[in-house]
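Data block below; observations after.
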Amino acid sequence: MPGQKISAPKGVSEYVPSRSRAFEFVRENLIAPAKRAGYQLIELPVFEDTELFTRGVGESTDVVSKEMYTFEDRGGRSITLRPEGTAGVMRAVIEHGLDRGQLPVKVWYSGQFFRAERPQAGRYRQFYQVGIEAIGLDDPAIDAEVIAIADAGFKAIGLSKYRLEITSLGDAESRAAHRVDLVEFISTLRLDEATAARALVNPLRLFDDKREEMRKAMADAPLLINYLNEASRLQFEQVQKYLNALGISYVLNPRMVRGLDYYTGTTFEFVHELLGAQSGIGGGGRYDGLMEQLGGQSLSGIGFGLGVDRALLAAEAEGVIGNDAFVSDLFIIPLGESARVKALTIAADLRTHGKSVEIAFGDRALKGAMKGADKSGAKCVVVLGESEISSGTVELKEMKSGHTSSVKIDSLLEAL
RNA sequence: GUGGACGUAGCUCAGCUGGUAGAGCACCCGGUUGUGGUCCGGGAUGUCGCGGGUUCGAGCCCCGUCGUUCACCCCA
């Protein structure tokens with residue numbers, strides 16, 4: 001009985017040839033600017049103690065309350081597949097005492113994250129993010145640099161049709177003052193049950209409602225940006241000054257809301273113009289109380305997460321990324337058994353010297369093998385038969401031009 | 001979790017008011033002896049998502065289910 005086909009779990013993003021190459025390009029280049037800015041790799045588990053997220057990200061958030069993949073392991077511990085990266089980094093920094101050394105701690109990460117949401121264009125249950133965190137420095141200059149690094153990542157993969165939105169959520173005092181007035185304002189609105197419930201846990205969320213009637217209702221709502229105290233306002237002005245100096249264009253969006261509760265002060269979001277409803281390709285901000293909340297010392301921090309899947313979608317939408325497959329330097333077509341042995345050794349030798357070499361295996365006719373070589377896009381082809389082995393010379397064919405030249409087998413490395 | 005659309009060969013899709021399936025691309029073989037891309041000839045391929053129902057008969061109609069997709073909530 002033939003086995004039943006098994007398909008991938010719902011809503012996961014996977015990348016197979018030939019698109020996987022574009023994915024790899026995006027993932028590596030998005031984070032490249034961070035490495036050049038002195039950020040170091042931090043490699044963490046994809047699952048963590050559930051409490052890390054309930055305490056760190058915030059129980060009131062949708063991410064924690066209804067989108068986490070949580071299960072019990074065999075020892076009865078509650079485990080959760082990470083829905084975001086910052087909390088895990090904080091945990092590791094505290095656990096390994098990185099915060100006891102030189103500050104700021106600057107790390108980057110790349111990997112998959114999990115959220116049990118209904119899949120949609122650009123939204124997956126397993127998705128990829130790259131990100132950085134800079135911990136232990138309360139200087140607006142680093143806010144600007146973090147934003148600039150994210151921006152450089154998008155530019156590195158060729159994106160241009162996106163905008164950067166920034167705002168400041170201020171410090172605790174500023175937010176408390178604003179909240180009083182905002183709650184008062186909201187109490188004058190007539191809300192449906194779900195919305196009212198959301199307003200209760202975090203009234204700021206109402207700013208993000210896409211429904212027309214809600215946008216109208218919130219049009220006159222008091223804005224947090226107008227409640228910033230002296231210190232918060234100064235800090236935000238500094239950030240803008242540095243961004244201007246860096247020549248990074250941005251728009252102020254005082255109605256911007258982020259989905260995780262730990263954000264404070266500077267927050268930002270990159271929004272792409274060609275994507276559908278899920279147009280946020282990256283975002284981040286300051287989280288000055290998070291470390292302490294997770295049992296560490298009281299250190300501030302700032303970071304970002306960039307969506308690799310969405311950045312790839314954006315690059316494809318802009319037409320700035322090719323789907324060209326990997327091409328080998330040489331394709332060897334052996335004819336006969338002794339040639340096959342020789343081809344294996346030649347290929348192995350050339351590869352140790354950094355050349356990419358493929359071999360036509362099997363018993364395809366020469367014509368078929370040539371076709372395969374052509375399809376593979378290999379730069380050059382060599383047919384290896386009895387006469388070549390005895391003479392030690394092959395005809396090296398340059399596929400694009402069709403030109404051939406006689407080359408000693410021992411000199412293939414130089415000829416390529 | 002809520003709503004809409006869609007599920008036919010590996011891929012993109014066609015299939016008229018119900019009569020047991022087709023195209024293009026891709027793939028394989030060949031067009032005389034060991035050199036690809038074009039052209040020509042030939043070939044393989046589907047439990048028409050799955051399960052029920054209506055009917056003499058269903059890819060086409062009805063119900064359910066699973067999946068995909070787009071949007072809402074939310075977010076990368």
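Quick notes on this structure:
- Inter-residue pairs, beta-carbon under 8 Å, first at pLDDT below 85 and in the stretch A:1-28, second in a loop (DSSP other than H, G, I, E, B) and hydroxyl-bearing (Ser, Thr, Tyr), 6+ apart: none
- Sub-7 Å Cβ pairs linking a first residue in the stretch A:268-281 that is open to solvent by 40 Å² or more (accessible area, probe 1.4 Å) and assigned to a loop (DSSP other than H, G, I, E, B) to a second residue that is more than 7 Å from RNA strand B (Cβ to nearest atom) and not acidic (Asp, Glu), at least 6 apart or interchain, are A:Glu273/A:Lys161; A:Glu273/A:Tyr162; A:Leu274/A:Lys161; A:Leu274/A:Ala314; A:Leu274/A:Ala317, ordered by first then second residue.
- Note on the stretch A:194-240: residues that are open to solvent by less than 50 Å² (accessible area, probe 1.4 Å) and small (Gly, Ala, Ser) amount to 5.
- Annotation note: of A:Gly285, A:Gly301, A:Gly296, A:Gly289, the sole residue that is at positive phi, more than 7 Å from RNA strand B (Cβ to nearest atom) and surrounded by 17 or more Cβ atoms within 10 Å (Cβ to Cβ) is A:Gly285.
- Applying the condition of being small (Gly, Ala, Ser) and modelled with pLDDT of 75 or more to the stretch A:180-204 and asking which residue is farthest from RNA strand B (Cβ to nearest atom) yields A:Ser187.
- Count - residues of the stretch A:255-285 that are of a type in the set (Phe, Trp, Tyr) and within 18 Å of the chain's Cα centre (by Cα): 2
- Sole residue being touching a strand residue (DSSP E or B) at 6+ places or on another chain (Cβ under 8 Å) and at pLDDT 95 or above, chosen from A:Arg351, A:Arg340: A:Arg351
- Enumeration of residues in the stretch A:337-360 that are surrounded by fewer than 13 Cβ atoms within 10 Å (Cβ to Cβ) and in a loop (DSSP other than H, G, I, E, B): A:His353, A:Gly354
- Per-region count, the stretch A:107-138, residues of a type in the set (Asp, Glu) and at pLDDT 95 or above: 1
- Any chance A:Lys241 is assigned to a helix (DSSP H, G or I) and assigned by TED's automatic domain parsing to the domain that holds A:Leu98: yes
- Exactly one residue out of A:Lys397, A:Lys375, A:Lys371 is open to solvent by 50 Å² or more (accessible area, probe 1.4 Å), within 30 Å of A:Phe25 (Cβ to Cβ) and either more than 13 Å from RNA strand B (Cβ to nearest atom) or in a strand (DSSP E or B) (or both), and it is A:Lys397.
- Conditions (1) open to solvent by less than 60 Å² (accessible area, probe 1.4 Å); (2) touching a Gly at 6+ places or on another chain (Cβ under 7 Å): number failed by A:Pro334: (2)
- Candidates in the stretch A:37-57 are the residues that are in contact with a Lys or Arg (Cβ under 9 Å, 6 or more places away or on another chain) and polar (S, T, N, Q); of these, the one that is farthest from A:Leu103 (Cα to Cα) is A:Thr50.
Residues checked against (1) open to solvent by 20 Å² or more (accessible area, probe 1.4 Å); (2) farther than 30 Å from A:Asp99 by Cα:
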residue	(1), (2)
A:Leu137	yes, no
A:Ala141	yes, no
A:Val146	no, no
A:Ala150	no, no
A:Phe154	no, no
A:Gly158	yes, yes
A:Thr167	no, no
A:Ile186	no, yes
A:Asp192	yes, yes
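- Across the stretch A:211-222, a minimum of one residue is classified as outside the structural domain of A:Val251 (by TED's automatic domain parsing), closer than 26 Å to A:Tyr250 by Cα and among the small types (Gly, Ala, Ser).
- All positions within the stretch A:99-125 that are in a strand (DSSP E or B) and more than 8 Å from RNA strand B (Cβ to nearest atom): A:Val105, A:Lys106, A:Val107, A:Trp108, A:Tyr109, A:Ser110, A:Gly111, A:Gln112, A:Phe114
The values are calculated or read from the model by the stated rules, or taken from the named source; none is laboratory data. Computed from a prediction, not measured in an experiment: that's the story for all the values here. In this analysis, Cβ positions are derived from the backbone assuming ideal geometry, glycine residues included, and neighbour counts consider all displayed protein chains. Ligands, DNA and RNA are stripped out before the accessible areas are found, and what is left, the full protein with its side chains, is counted by its heavy atoms. Shrake-Rupley method; radii C 1.70, N 1.55, O 1.52, S 1.80 Å.
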